[in-house]
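The values are calculated or read from the model by the stated rules, or taken from the named source; none is laboratory data. If you're wondering where the values come from, they're calculated on a predicted model, not measured in any experiment. We place every Cβ from the backbone using ideal geometry, glycine too, and count neighbours over all the protein chains shown.
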Amino acid sequence: MTLWFCYRHPRTPWLAKTMAIIVVAYALSPIDLIPDFIPVLGYLDDVILLPLGIWLALRLMPPEVLDESRSKARQWQDNQGQRPVNRVAAVVIVLLWVAALAGVGFLFRDSLTTG
């Protein structure tokens, strides 16, 4: 939630804002880029990619923006309690998977038809 408020802060630099958008959209997406049912790889995004993205986004934030955003996030959490879900990010991830599958199908179409 801190990154969400950082993204919306008017004094957030564009690079930090872009990183925050990517991380927040992915974190709130109900669909993972690498599905969890894939052994080992399924949890890599949750264990490695997401924490690295959060770390990088926080490092890019100006300290005063980060302090204000942390305070707003604490207030929001005390009042709301539930984490929101980003359906747009879910659609983007599904489209990425469809595109990847289509690309694989395109690459192997000749071998599939000649058998």
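Descriptive notes on the structure:
- Residues in the stretch 71-98 that are exposed (fewer than 10 other Cβ atoms within 10 Å of the Cβ) and either modelled with pLDDT of 85 or more or farther than 23 Å from ILE22 by Cα (or both): 2 in all.
- Helices (runs of 4 or more DSSP H) enclosed by the stretch 9-66 - at least 3 residues per element that are modelled with pLDDT under 85 and on the phi < 0 side of the Ramachandran plot: 14-28, 41-44
One line per residue, one yes/no per condition, for (1) closer than 17 Å to VAL92 by Cα; (2) free of Cβ contacts under 8 Å to residues at least 24 places away in the same chain; (3) surrounded by 12 or more Cβ atoms within 10 Å (Cβ to Cβ):
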| site | (1), (2), (3) |
| --- | --- |
| THR12 | no, no, yes |
| SER29 | yes, no, yes |
| PHE37 | no, yes, no |
| TYR43 | no, yes, yes |
| ASP46 | no, yes, yes |
| ALA57 | no, no, yes |
| LEU60 | no, no, yes |
| SER69 | no, no, yes |
